[in-house]
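The values are calculated or read from the model by the stated rules, or taken from the named source; none is laboratory data. Everything numeric here is computed off the predicted structure, so don't read it as measured data. Glycine also receives a Cβ, built like all others from the backbone with ideal geometry; neighbour counts cover every protein chain displayed. SASA here: full protein model, heavy atoms, side chains in, ligands and nucleic acids out. Shrake-Rupley method; radii C 1.70, N 1.55, O 1.52, S 1.80 Å.
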Amino acid sequence: MTFEELQIDDKLLEAISYMRFEKASPIQEQAIPLALQGNDLLACAQTGTGKTATFLIPILQDLVKNGSHGFTSLIIVPTRELAIQIDQELQGFSYFTDTTSKAVYGGDKGADWDSQKNAFTEGTNVIIATPGRLMAHLRLGYVSMKNLRHLVLDEADRMLDMGFIDDIRQILSYVPQKRQTMLFSATMAPEIQKLAQTILHEPKIVSIAIAKPAEGVKQSAYMAYPHQKVDLITHILEQNPDYDSIIIFTSTKKNIHSIVSAIKKKIRNVTIDGISSDFEQAEREEVLLRFRAKQTRILVATDVLSRGIDIKGINLVINFDVPRDAADYVHRVGRTARADAKGEAITFISDVDVPKFHKIEHLIERSIDKIPLPQELGEAPEWKEYQPKPKRHFNHSHHANKNNGGKKRFFYKKKNNEGKTPSGKTE
Ligand code: AMP
(Lines give C-alpha, C1' and ligand atoms only; values in the text may rest on other atoms or scores of the structure.)
Protein backbone atom coordinates (compact mmCIF):
# COMPACT_ATOMS: atom_id res chain seq x y z
CA MET A 1 0.00 0.00 0.00
CA THR A 2 1.31 3.48 -0.83
CA PHE A 3 0.86 6.44 1.50
CA GLU A 4 -1.18 8.25 -1.19
CA GLU A 5 -3.84 5.56 -0.79
CA LEU A 6 -4.28 6.60 2.83
CA GLN A 7 -5.79 9.88 1.62
CA ILE A 8 -3.84 12.04 4.00
CA ASP A 9 -2.95 15.69 3.55
CA ASP A 10 -0.46 16.64 0.83
CA LYS A 11 1.77 18.36 3.39
CA LEU A 12 2.21 15.02 5.14
CA LEU A 13 2.63 13.10 1.90
CA GLU A 14 5.38 15.44 0.83
CA ALA A 15 7.23 14.98 4.14
CA ILE A 16 6.78 11.21 3.96
CA SER A 17 8.30 11.21 0.52
CA TYR A 18 11.24 13.34 1.76
CA MET A 19 11.76 10.71 4.43
CA ARG A 20 11.95 8.14 1.65
CA PHE A 21 9.09 6.04 2.94
CA GLU A 22 7.72 4.48 -0.24
CA LYS A 23 5.36 1.76 0.90
CA ALA A 24 3.45 1.47 4.15
CA SER A 25 4.81 -1.30 6.41
CA PRO A 26 2.33 -4.04 7.45
CA ILE A 27 1.45 -2.39 10.77
CA GLN A 28 1.03 0.96 9.03
CA GLU A 29 -1.17 -0.58 6.36
CA GLN A 30 -3.40 -2.22 8.95
CA ALA A 31 -3.51 0.37 11.68
CA ILE A 32 -3.27 3.81 10.06
CA PRO A 33 -6.68 3.59 8.29
CA LEU A 34 -8.31 2.51 11.57
CA ALA A 35 -6.66 5.33 13.51
CA LEU A 36 -7.54 7.88 10.80
CA GLN A 37 -11.19 6.98 11.41
CA GLY A 38 -10.70 8.00 15.03
CA ASN A 39 -10.72 4.52 16.55
CA ASP A 40 -8.83 3.60 19.68
CA LEU A 41 -6.04 1.19 18.87
CA LEU A 42 -4.43 -1.72 20.68
CA ALA A 43 -1.36 -2.61 18.66
CA CYS A 44 0.99 -5.46 19.34
CA ALA A 45 4.13 -4.54 17.42
CA GLN A 46 7.80 -4.65 18.15
CA THR A 47 10.19 -1.84 17.30
CA GLY A 48 11.50 -1.86 13.77
CA THR A 49 8.05 -2.51 12.31
CA GLY A 50 7.34 1.18 11.68
CA LYS A 51 5.07 1.60 14.69
CA THR A 52 6.13 5.21 15.34
CA ALA A 53 4.74 6.44 12.02
CA THR A 54 1.65 4.35 12.73
CA PHE A 55 0.60 6.68 15.51
CA LEU A 56 2.26 9.90 14.32
CA ILE A 57 0.63 10.05 10.89
CA PRO A 58 -2.99 9.82 12.16
CA ILE A 59 -2.26 12.38 14.89
CA LEU A 60 -0.75 14.82 12.41
CA GLN A 61 -3.53 14.28 9.89
CA ASP A 62 -6.09 15.16 12.57
CA LEU A 63 -4.13 18.27 13.58
CA VAL A 64 -3.79 19.43 9.98
CA LYS A 65 -7.43 18.73 9.16
CA ASN A 66 -9.17 19.77 12.36
CA GLY A 67 -6.83 22.42 13.70
CA SER A 68 -4.14 22.35 16.32
CA HIS A 69 -4.87 24.61 19.23
CA GLY A 70 -2.76 24.16 22.35
CA PHE A 71 -1.62 20.87 23.84
CA THR A 72 -3.52 18.35 21.75
CA SER A 73 -1.47 15.18 21.82
CA LEU A 74 0.44 13.31 24.50
CA ILE A 75 2.78 10.43 23.76
CA ILE A 76 4.07 8.58 26.83
CA VAL A 77 7.25 6.53 26.41
CA PRO A 78 9.56 4.58 28.72
CA THR A 79 12.93 6.23 28.00
CA ARG A 80 14.35 9.64 27.13
CA GLU A 81 16.14 8.20 24.10
CA LEU A 82 12.83 7.02 22.70
CA ALA A 83 11.25 10.41 23.48
CA ILE A 84 13.99 12.21 21.54
CA GLN A 85 13.79 9.77 18.66
CA ILE A 86 10.00 10.05 18.32
CA ASP A 87 10.29 13.84 18.44
CA GLN A 88 12.84 13.73 15.62
CA GLU A 89 10.62 11.52 13.49
CA LEU A 90 7.68 13.81 14.25
CA GLN A 91 9.68 16.84 13.14
CA GLY A 92 10.26 15.05 9.86
CA PHE A 93 6.60 14.25 9.26
CA SER A 94 5.36 17.67 10.39
CA TYR A 95 7.96 19.67 8.45
CA PHE A 96 5.42 21.32 6.14
CA THR A 97 2.78 21.82 8.86
CA ASP A 98 2.48 24.24 11.82
CA THR A 99 2.60 21.50 14.42
CA THR A 100 4.89 22.10 17.38
CA SER A 101 6.40 19.39 19.58
CA LYS A 102 8.68 18.83 22.54
CA ALA A 103 10.35 15.83 24.14
CA VAL A 104 9.98 16.02 27.93
CA TYR A 105 12.23 13.79 30.01
CA GLY A 106 14.28 13.85 33.19
CA GLY A 107 17.85 13.27 34.12
CA ASP A 108 19.56 16.35 32.74
CA LYS A 109 20.25 18.21 35.99
CA GLY A 110 17.23 20.45 35.54
CA ALA A 111 18.78 22.57 32.80
CA ASP A 112 15.92 21.80 30.47
CA TRP A 113 13.17 22.14 33.07
CA ASP A 114 12.23 25.68 32.11
CA SER A 115 12.02 24.95 28.42
CA GLN A 116 9.83 21.94 29.21
CA LYS A 117 7.62 24.10 31.42
CA ASN A 118 7.37 26.67 28.61
CA ALA A 119 6.33 23.94 26.21
CA PHE A 120 3.35 23.22 28.48
CA THR A 121 2.43 26.80 29.27
CA GLU A 122 2.79 27.97 25.67
CA GLY A 123 0.57 25.17 24.37
CA THR A 124 3.00 23.04 22.36
CA ASN A 125 0.84 20.64 20.34
CA VAL A 126 2.57 17.30 20.79
CA ILE A 127 4.45 16.37 23.95
CA ILE A 128 6.46 13.16 24.02
CA ALA A 129 7.19 12.45 27.67
CA THR A 130 8.61 9.92 30.06
CA PRO A 131 6.14 9.21 32.91
CA GLY A 132 8.18 10.41 35.91
CA ARG A 133 9.07 13.81 34.44
CA LEU A 134 5.56 14.33 33.11
CA MET A 135 4.11 13.68 36.59
CA ALA A 136 6.59 16.15 38.07
CA HIS A 137 5.22 18.87 35.75
CA LEU A 138 1.60 17.84 36.29
CA ARG A 139 1.92 18.14 40.06
CA LEU A 140 2.92 21.80 39.73
CA GLY A 141 -0.44 22.66 38.26
CA TYR A 142 0.37 24.63 35.11
CA VAL A 143 -0.31 21.85 32.60
CA SER A 144 -3.70 22.17 30.97
CA MET A 145 -5.03 19.10 29.20
CA LYS A 146 -8.38 20.56 28.20
CA ASN A 147 -7.47 20.52 24.49
CA LEU A 148 -5.97 17.05 24.61
CA ARG A 149 -7.48 14.68 22.04
CA HIS A 150 -4.76 12.08 21.40
CA LEU A 151 -3.07 9.86 23.94
CA VAL A 152 -0.42 7.31 22.95
CA LEU A 153 1.26 4.82 25.26
CA ASP A 154 4.29 3.52 23.40
CA GLU A 155 6.17 0.40 24.54
CA ALA A 156 3.60 -0.07 27.27
CA ASP A 157 5.07 -3.44 28.27
CA ARG A 158 8.41 -1.78 28.90
CA MET A 159 6.79 0.97 30.96
CA LEU A 160 5.11 -1.61 33.16
CA ASP A 161 8.38 -3.56 33.49
CA MET A 162 10.10 -0.36 34.59
CA GLY A 163 7.51 0.17 37.33
CA PHE A 164 5.76 3.18 35.79
CA ILE A 165 2.23 1.87 36.32
CA ASP A 166 1.43 4.21 39.22
CA ASP A 167 2.67 7.26 37.32
CA ILE A 168 0.62 6.19 34.31
CA ARG A 169 -2.53 5.76 36.39
CA GLN A 170 -2.05 9.21 37.86
CA ILE A 171 -1.38 10.77 34.46
CA LEU A 172 -4.61 9.20 33.19
CA SER A 173 -6.55 11.01 35.89
CA TYR A 174 -5.54 14.34 34.28
CA VAL A 175 -6.45 13.34 30.72
CA PRO A 176 -9.92 14.16 29.31
CA GLN A 177 -12.30 11.21 28.95
CA LYS A 178 -13.12 12.06 25.36
CA ARG A 179 -9.97 11.32 23.39
CA GLN A 180 -8.41 8.89 20.97
CA THR A 181 -6.09 6.46 22.73
CA MET A 182 -3.50 4.23 21.09
CA LEU A 183 -1.59 1.65 23.07
CA PHE A 184 1.49 -0.02 21.58
CA SER A 185 3.21 -2.97 23.18
CA ALA A 186 5.61 -5.67 22.01
CA THR A 187 3.79 -8.28 24.05
CA MET A 188 0.21 -8.74 25.21
CA ALA A 189 0.92 -9.94 28.74
CA PRO A 190 -2.12 -10.06 31.07
CA GLU A 191 -1.13 -6.78 32.74
CA ILE A 192 -1.13 -5.01 29.37
CA GLN A 193 -4.57 -6.40 28.58
CA LYS A 194 -5.77 -5.18 31.95
CA LEU A 195 -4.41 -1.70 31.29
CA ALA A 196 -5.92 -1.74 27.79
CA GLN A 197 -9.33 -2.54 29.23
CA THR A 198 -9.22 0.44 31.53
CA ILE A 199 -7.95 3.06 29.08
CA LEU A 200 -9.20 2.05 25.62
CA HIS A 201 -12.71 2.47 24.31
CA GLU A 202 -13.85 -0.26 21.90
CA PRO A 203 -10.34 -0.54 20.47
CA LYS A 204 -9.43 -1.99 17.12
CA ILE A 205 -6.80 -4.63 17.68
CA VAL A 206 -3.82 -4.96 15.37
CA SER A 207 -1.11 -7.51 15.88
CA ILE A 208 2.08 -7.81 13.88
CA ALA A 209 4.54 -10.68 14.20
CA ILE A 210 4.41 -11.04 17.94
CA ALA A 211 7.88 -10.92 19.43
CA LYS A 212 9.94 -12.38 16.63
CA PRO A 213 13.12 -10.86 15.24
CA ALA A 214 12.85 -9.39 11.76
CA GLU A 215 13.35 -11.77 8.85
CA GLY A 216 16.62 -10.18 7.78
CA VAL A 217 18.54 -11.08 10.97
CA LYS A 218 20.93 -14.02 10.83
CA GLN A 219 20.92 -15.43 14.35
CA SER A 220 23.47 -17.74 15.90
CA ALA A 221 24.98 -18.53 19.30
CA TYR A 222 28.16 -19.80 20.94
CA MET A 223 28.34 -21.74 24.16
CA ALA A 224 31.05 -19.92 26.12
CA TYR A 225 32.21 -19.53 29.72
CA PRO A 226 32.49 -15.90 30.93
CA HIS A 227 36.31 -15.92 30.75
CA GLN A 228 36.19 -16.93 27.06
CA LYS A 229 33.84 -14.17 25.92
CA VAL A 230 36.26 -11.32 25.22
CA ASP A 231 38.52 -13.62 23.16
CA LEU A 232 35.44 -14.77 21.33
CA ILE A 233 34.57 -11.17 20.44
CA THR A 234 38.11 -10.72 19.09
CA HIS A 235 37.67 -13.86 16.99
CA ILE A 236 34.31 -12.68 15.60
CA LEU A 237 35.70 -9.24 14.77
CA GLU A 238 38.69 -10.76 12.99
CA GLN A 239 36.33 -12.83 10.92
CA ASN A 240 34.19 -9.81 10.01
CA PRO A 241 36.54 -6.91 9.32
CA ASP A 242 33.86 -5.16 7.24
CA TYR A 243 31.44 -4.76 10.16
CA ASP A 244 31.70 -1.09 11.07
CA SER A 245 28.78 -0.77 13.48
CA ILE A 246 28.45 -3.28 16.28
CA ILE A 247 26.48 -3.27 19.53
CA ILE A 248 27.44 -5.51 22.42
CA PHE A 249 24.63 -5.92 24.94
CA THR A 250 25.08 -6.90 28.55
CA SER A 251 22.43 -7.15 31.26
CA THR A 252 24.69 -5.73 33.94
CA LYS A 253 25.71 -2.08 34.12
CA LYS A 254 28.90 -2.86 36.01
CA ASN A 255 30.10 -5.11 33.16
CA ILE A 256 30.21 -2.23 30.70
CA HIS A 257 33.47 -0.74 31.83
CA SER A 258 35.30 -4.07 32.11
CA ILE A 259 34.14 -5.19 28.65
CA VAL A 260 35.21 -1.88 27.08
CA SER A 261 38.66 -1.97 28.66
CA ALA A 262 39.22 -5.69 27.96
CA ILE A 263 38.40 -5.18 24.28
CA LYS A 264 40.62 -2.08 24.11
CA LYS A 265 43.49 -4.19 25.43
CA LYS A 266 42.90 -6.97 22.90
CA ILE A 267 42.23 -4.98 19.74
CA ARG A 268 44.60 -2.19 18.75
CA ASN A 269 43.10 1.10 17.63
CA VAL A 270 39.54 -0.09 18.16
CA THR A 271 36.95 2.66 18.54
CA ILE A 272 34.66 1.60 21.37
CA ASP A 273 32.33 3.31 23.85
CA GLY A 274 30.07 2.19 26.66
CA ILE A 275 26.61 3.49 27.57
CA SER A 276 24.14 2.76 30.37
CA SER A 277 21.52 4.54 32.44
CA ASP A 278 24.29 5.54 34.88
CA PHE A 279 25.76 7.92 32.34
CA GLU A 280 24.81 11.57 32.39
CA GLN A 281 22.28 12.54 29.76
CA ALA A 282 24.72 14.75 27.82
CA GLU A 283 27.29 11.96 27.82
CA ARG A 284 24.72 9.46 26.58
CA GLU A 285 23.70 11.72 23.75
CA GLU A 286 27.31 12.30 22.76
CA VAL A 287 28.13 8.59 22.77
CA LEU A 288 25.04 7.86 20.67
CA LEU A 289 25.89 10.65 18.26
CA ARG A 290 29.39 9.27 17.68
CA PHE A 291 28.00 5.77 17.20
CA ARG A 292 25.32 6.93 14.78
CA ALA A 293 27.97 8.84 12.81
CA LYS A 294 30.06 5.62 12.64
CA GLN A 295 32.94 7.30 14.44
CA THR A 296 32.70 4.54 17.02
CA ARG A 297 32.78 0.99 15.73
CA ILE A 298 31.60 -0.78 18.87
CA LEU A 299 29.08 0.31 21.48
CA VAL A 300 28.71 -1.68 24.70
CA ALA A 301 25.27 -1.10 26.16
CA THR A 302 22.72 -2.29 28.68
CA ASP A 303 19.10 -2.86 27.74
CA VAL A 304 18.48 0.88 27.92
CA LEU A 305 19.34 0.86 24.24
CA SER A 306 17.62 -2.35 23.28
CA ARG A 307 14.15 -0.89 23.01
CA GLY A 308 13.05 1.54 20.45
CA ILE A 309 16.35 3.13 19.63
CA ASP A 310 16.71 3.37 15.92
CA ILE A 311 20.23 3.47 14.56
CA LYS A 312 20.61 2.62 10.93
CA GLY A 313 23.26 0.32 9.54
CA ILE A 314 24.10 -1.80 12.59
CA ASN A 315 25.73 -4.93 11.13
CA LEU A 316 26.06 -6.99 14.25
CA VAL A 317 24.50 -7.35 17.68
CA ILE A 318 26.44 -9.44 20.18
CA ASN A 319 24.63 -10.57 23.30
CA PHE A 320 27.50 -10.82 25.78
CA ASP A 321 25.05 -12.57 28.07
CA VAL A 322 21.57 -13.96 27.61
CA PRO A 323 18.99 -11.30 28.53
CA ARG A 324 16.91 -11.96 31.63
CA ASP A 325 13.66 -11.40 29.83
CA ALA A 326 13.09 -13.33 26.59
CA ALA A 327 11.36 -10.31 25.02
CA ASP A 328 14.57 -8.32 25.55
CA TYR A 329 16.32 -10.74 23.21
CA VAL A 330 13.92 -9.72 20.46
CA HIS A 331 14.51 -6.06 21.24
CA ARG A 332 18.28 -6.39 21.32
CA VAL A 333 18.35 -8.35 18.08
CA GLY A 334 15.92 -5.84 16.58
CA ARG A 335 18.65 -3.17 16.68
CA THR A 336 20.12 -4.75 13.56
CA ALA A 337 18.33 -5.37 10.27
CA ARG A 338 16.04 -2.35 10.74
CA ALA A 339 13.40 -1.83 8.06
CA ASP A 340 14.24 -4.68 5.68
CA ALA A 341 18.04 -4.43 5.91
CA LYS A 342 20.23 -7.46 6.67
CA GLY A 343 22.04 -7.96 9.96
CA GLU A 344 23.52 -10.51 12.29
CA ALA A 345 22.96 -11.35 15.94
CA ILE A 346 25.26 -13.61 17.95
CA THR A 347 24.53 -14.66 21.53
CA PHE A 348 27.04 -15.99 24.06
CA ILE A 349 25.46 -18.64 26.26
CA SER A 350 27.22 -19.69 29.44
CA ASP A 351 26.28 -22.87 31.30
CA VAL A 352 23.92 -21.08 33.69
CA ASP A 353 22.17 -19.29 30.83
CA VAL A 354 20.95 -22.44 29.05
CA PRO A 355 17.40 -22.36 30.53
CA LYS A 356 17.04 -18.67 29.68
CA PHE A 357 18.06 -19.37 26.10
CA HIS A 358 15.53 -22.21 25.84
CA LYS A 359 12.89 -19.72 26.86
CA ILE A 360 14.00 -17.38 24.06
CA GLU A 361 13.93 -20.14 21.47
CA HIS A 362 10.46 -21.01 22.65
CA LEU A 363 9.32 -17.39 22.36
CA ILE A 364 10.67 -16.94 18.85
CA GLU A 365 9.52 -20.45 17.88
CA ARG A 366 12.79 -21.62 16.42
CA SER A 367 16.10 -23.01 17.56
CA ILE A 368 19.21 -20.93 16.96
CA ASP A 369 22.36 -22.47 15.45
CA LYS A 370 25.06 -23.12 18.04
CA ILE A 371 28.45 -22.54 16.45
CA PRO A 372 31.33 -24.58 17.94
CA LEU A 373 33.74 -22.45 19.96
CA PRO A 374 37.12 -21.99 18.18
CA GLN A 375 39.48 -24.66 19.52
CA GLU A 376 42.11 -22.21 20.77
CA LEU A 377 39.57 -20.82 23.25
CA GLY A 378 39.36 -24.13 25.11
CA GLU A 379 36.42 -26.30 25.98
CA ALA A 380 32.94 -24.80 25.83
CA PRO A 381 30.08 -25.48 28.23
CA GLU A 382 27.59 -28.04 27.02
CA TRP A 383 24.29 -27.11 25.37
CA LYS A 384 21.51 -29.24 26.81
CA GLU A 385 18.41 -29.82 24.74
CA TYR A 386 15.27 -29.13 26.66
CA GLN A 387 13.15 -32.12 27.61
CA PRO A 388 9.58 -30.96 28.11
CA LYS A 389 8.05 -31.92 31.43
CA PRO A 390 4.32 -32.60 31.68
CA LYS A 391 2.55 -29.31 32.32
CA ARG A 392 0.87 -28.66 35.63
CA HIS A 393 -2.03 -26.34 36.04
CA PHE A 394 -0.04 -24.04 38.31
CA ASN A 395 3.24 -24.07 36.42
CA HIS A 396 5.56 -21.06 36.51
CA SER A 397 8.59 -20.21 34.45
CA HIS A 398 10.90 -21.16 37.30
CA HIS A 399 9.69 -23.56 39.87
CA ALA A 400 11.76 -24.90 42.72
CA ASN A 401 10.74 -28.48 43.27
CA LYS A 402 11.07 -30.17 46.62
CA ASN A 403 11.87 -33.52 44.99
CA ASN A 404 14.87 -32.41 42.99
CA GLY A 405 16.99 -31.08 45.79
CA GLY A 406 15.60 -27.57 45.46
CA LYS A 407 17.05 -27.14 41.96
CA LYS A 408 15.10 -24.92 39.65
CA ARG A 409 13.15 -26.81 37.05
CA PHE A 410 12.42 -25.12 33.85
CA PHE A 411 8.91 -24.84 32.48
CA TYR A 412 7.74 -22.94 29.45
CA LYS A 413 5.19 -20.50 30.61
CA LYS A 414 4.66 -16.82 30.07
CA LYS A 415 5.50 -14.68 33.06
CA ASN A 416 2.43 -14.55 35.21
CA ASN A 417 2.24 -11.30 37.09
CA GLU A 418 -1.49 -11.08 37.33
CA GLY A 419 -2.54 -9.04 40.33
CA LYS A 420 1.01 -7.91 40.94
CA THR A 421 2.78 -4.69 40.28
CA PRO A 422 6.07 -4.89 38.35
CA SER A 423 7.91 -4.60 41.62
CA GLY A 424 6.21 -7.84 42.65
CA LYS A 425 3.94 -6.19 45.20
CA THR A 426 0.35 -7.39 45.16
CA GLU A 427 -2.03 -4.66 44.15
P1 AMP B 1 9.94 2.08 14.26
O2 AMP B 1 9.43 0.67 14.35
O3 AMP B 1 8.85 3.09 14.28
O4 AMP B 1 11.02 2.35 15.28
O5 AMP B 1 10.63 2.26 12.80
C6 AMP B 1 11.81 1.62 12.42
C7 AMP B 1 12.54 2.30 11.29
O8 AMP B 1 11.86 2.08 10.05
C9 AMP B 1 12.67 3.81 11.43
O10 AMP B 1 13.95 4.18 10.97
C11 AMP B 1 11.64 4.37 10.50
O12 AMP B 1 12.03 5.65 10.04
C13 AMP B 1 11.66 3.33 9.38
N14 AMP B 1 10.36 3.21 8.69
C15 AMP B 1 9.14 3.18 9.28
N16 AMP B 1 8.17 3.03 8.36
C17 AMP B 1 8.80 2.97 7.17
C18 AMP B 1 8.32 2.82 5.81
N19 AMP B 1 7.02 2.71 5.54
N20 AMP B 1 9.25 2.82 4.83
C21 AMP B 1 10.57 2.93 5.11
N22 AMP B 1 11.07 3.07 6.36
C23 AMP B 1 10.20 3.07 7.38
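Anything in the stretch 291-322 that is within 12 Å of the ligand (Cβ to nearest atom) and at pLDDT below 90? List them, or say none. Within the stretch 291-322, Arg307, Gly308, Ile309, Asp310, Ile311, Lys312, Gly313, Ile314 meet the criteria. Of the helices (runs of 4 or more DSSP H) that lie entirely inside the stretch 133-226, those containing 1 or more residues that are surrounded by fewer than 17 Cβ atoms within 10 Å (Cβ to Cβ) and in the same structural domain as Phe55 (by TED's automatic domain parsing) span 165-174, 190-199. Of the residues screened, Asp114 is one that is modelled with pLDDT under 95 and more than 23 Å from Gly50 (Cα to Cα).
Of all residues in the stretch 18-40, those that are in contact (Cβ under 8 Å) with a residue 24 or more places away in the chain have Cβ atoms under 6 Å from Cβ atoms of residues that are more than 7 Å from the ligand (Cβ to nearest atom) and open to solvent by 80 Å² or more (accessible area, probe 1.4 Å), 6 or more apart or on another chain, in Leu34/Lys204; Asn39/Lys204; Asp40/His201. Among the residues of the stretch 51-101, those identified as in contact with a helix residue (DSSP H, G or I) (Cβ under 9 Å, 6 or more places away or on another chain), of a type in the set (A, V, I, L, M) and within 22 Å of Asp10 (Cβ to Cβ) are Ala53, Leu56, Ile57, Ile59, Leu60, Val64, Leu90.
If you go through the stretch 323-342 and keep only what is at pLDDT 80 or above, closer than 19 Å to Ile246 by Cβ and away from the ligand (no atom under 13 Å from the Cβ), you end up with Pro323, Asp328, Tyr329, Arg332, Val333.
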